[in-house]
Amino acid sequence: MAEKTITTTPSYATVPLKLDEIRVAAVQMNSKPVDTRDPGKDINANLNHMLFLCEAAFTWPPDPRPINLIAFPEFTLTGFDTMRTREDWLRIAIMVPGPETERIGQKAKELGCYIEFASHTRDPDWPGHFFNTSLIIGPDGKVIHQHWKAYYNFPGAGCLEYSTSVHDVLDAFVERYGWEAVWPVARTDIGNIATFVCSEGFAPETARAFAMNGAEIIIRSIANGGYAYHDLPGVGDIRIRMRSDCIASDLYGIYANSDGGAILIGGKHMVESAGGGGSMIIDPSGLILAEANDTREQIVHATIPIASFRAKHQVPRIRTEIYAPVLEQHPGYVPPNLYADYLPVDAQDALEWSLKHLRE
């Protein structure tokens with residue numbers, strides 16, 4: 001009988017790399033909350049500031065090498081308030097593509113880099129829905145990647161927000177786009193990049209799913225997600241989870257957080273340092289390559305040796321069959337498709353709707 005050949009060559013799809021090493025930046029941006037009565041003015045102000053920070057990433061600290069990838073926090077353009085109704089969010093959420101992505105695309109083209117950010121978005125194919133979406137715009141100025149927040153890791157979907165997640169319309173989503181779109185990976189000439197938002201990272205399965213789909217770099221856009229050097233119970237451990245994800249799935253990671261000022265709870269401002277800070281770049285051993293040392297606006301940079309990493313990188317090699325039966329025996333406590341036939345009008349309605357349907 002012929003001997004079976006075992007290959008160590010990465011089996012996931014890629015495109016050729018244009019560089020052996022890439023420089024990446026995590027921008028700790030402090031967005032301003034958006035007035036729902038006149039959202040355009042505040043969104044434009046946040047957008048102008050975002051574009052300024054893109055340029056600032058190239059100028060400080062001084063370095064002759066260009067930056068290839070810039071990552072921003074959650075709520076980059078829209079801020080956040082638990083008091084917003086669905087009508088408010090539909091006024092605030094941006095279209096993709098739209099005027100905002102057009103301007104970000106122009107800056108990406110001008111700088112010759114990829115720009116990742118997270119924003120609430122709308123889609124004409126999903127009337128009445130709004131989404132918490134992470135996006136990548138390429139150096140050609142075009143949106144090359146979108147990922148809706150896949151699920152919420154809370155007792156009820158409306159505890160903090162109630163934008164439509166993939167899980168909330170799972171059957172319709174998969175029917176339209178396929179399972180590959182649930183955990184999408186952008187295959188670019190600087191590496192395979194996956195993006196996700198905030199509470200998706202509370203479960204290690206998120207990074208693992210992206211890794212299984214061929215990710216090499218994961219970006220987590222978050223707001224109020226942890227501190228540098230201050231690992232507070234229930235808050236700072238979010239940073240530890242991100243480092244653990246990189247170790248467990250052999251990934252580089254970019255963690256972009258804000259100062260917390262863009263978050264309003266019940267219409268009231270948080271203090272500036274509430275859960276903010278700690279933006280960082282991590283290697284596959286969990287080592288922090290660079291991190292923000294306080295909650296103010298900062299930009300941290302690091303170099304990723306993407307070519308040498310790819311040469312030895314593999315998707316996680318686990319004995320899937322021994323885990324799958326256990327997972328199948330334990331359906332999620334929140335059932336899928338909660339927003340298939342009903343769209344809550346506000347956060348309280350969303351919370352009551354999800355609690356009503358929780359599994360035992």
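The values are calculated or read from the model by the stated rules, or taken from the named source; none is laboratory data. Predicted, not measured: the structure shown is a model, and the values here were computed from it. Virtual Cβ from ideal backbone geometry, glycine too; neighbours counted across all protein chains shown. These accessible areas exclude ligands, DNA and RNA; they are computed on the full protein's heavy atoms, side chains included. Shrake-Rupley method; radii C 1.70, N 1.55, O 1.52, S 1.80 Å.
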Answer yes or no: is there a residue in the stretch 291-309 that is closer than 28 Å to N46 by Cβ and either small (G, A, S) or part of a helix (DSSP H, G or I) (or both). yes
Does any residue in the stretch 188-203 that is more than 9 Å from I218 (Cβ to Cβ) come within less than 6 Å, Cβ to Cβ, of a residue that is of a type in the set (A, V, I, L, M, F, W, C) and modelled with pLDDT under 95 six or more places away or on a different chain, and which pairs are these? C198/I222; E200/A150
Name the pairs: first residue in the stretch 44-59 and of a type in the set (D, E), second residue in a helix (DSSP H, G or I), Cβ to Cβ under 9 Å, at least 6 apart or on different chains? E55/K107; E55/E110; E55/L111
Pull up the stretch 274-296, narrow it to residues that are touching a helix residue (DSSP H, G or I) at 6+ places or on another chain (Cβ under 6 Å) and under 20 Å from A248 (Cα atoms), then point me to the one that is surrounded by the most Cβ atoms within 10 Å (Cβ to Cβ). I282
If you check I43 against the conditions, is it β-branched (V, I, T) and closer than 30 Å to A290 by Cβ? yes
Any idea which of (1) among the β-branched types (V, I, T); (2) more than 18 Å from the chain's Cα centre (by Cα); (3) at pLDDT below 90 is the one I288 doesn't satisfy? (3)
Taking the condition among the acidic types (D, E) and under 30 Å from I22 (Cβ atoms), does E180 pass? yes
Which of the residues spanning the stretch 66-94 are in contact (Cβ under 8 Å) with a residue 60 or more places away in the chain and under 25 Å from I22 (Cα atoms)? I67, N68, L69, A71, F72, P73, E74, T76
Per the filter on the stretch 180-204, residues out of contact with any strand residue (DSSP E or B) (no Cβ under 6 Å at 6 or more places or on another chain), open to solvent by 20 Å² or more (accessible area, probe 1.4 Å) and at pLDDT 95 or above are A181, W183, R187, D189
Taking only the stretch 315-342 into account, find how many residues are open to solvent by less than 50 Å² (accessible area, probe 1.4 Å) and part of a loop (DSSP other than H, G, I, E, B). 9
Can Y151 be described as over 22 Å from L53 (Cα atoms), open to solvent by 10 Å² or more (accessible area, probe 1.4 Å) and among the hydroxyl-bearing types (S, T, Y)? yes
Tell me yes or no: at least one residue of the stretch 123-143 is more than 23 Å from A26 (Cβ to Cβ), at pLDDT below 95 and open to solvent by less than 30 Å² (accessible area, probe 1.4 Å). no
Just one of the numbered conditions (1) open to solvent by less than 10 Å² (accessible area, probe 1.4 Å); (2) polar (S, T, N, Q); (3) out of contact with any strand residue (DSSP E or B) (no Cβ under 6 Å at 6 or more places or on another chain) is not true of S221; which one? (3)
I'd like to check something: does the stretch 328-336 contain any residue that is at pLDDT below 95, farther than 23 Å from A203 by Cα, touching a helix residue (DSSP H, G or I) at 6+ places or on another chain (Cβ under 7 Å) and not aromatic (F, W, Y)? no
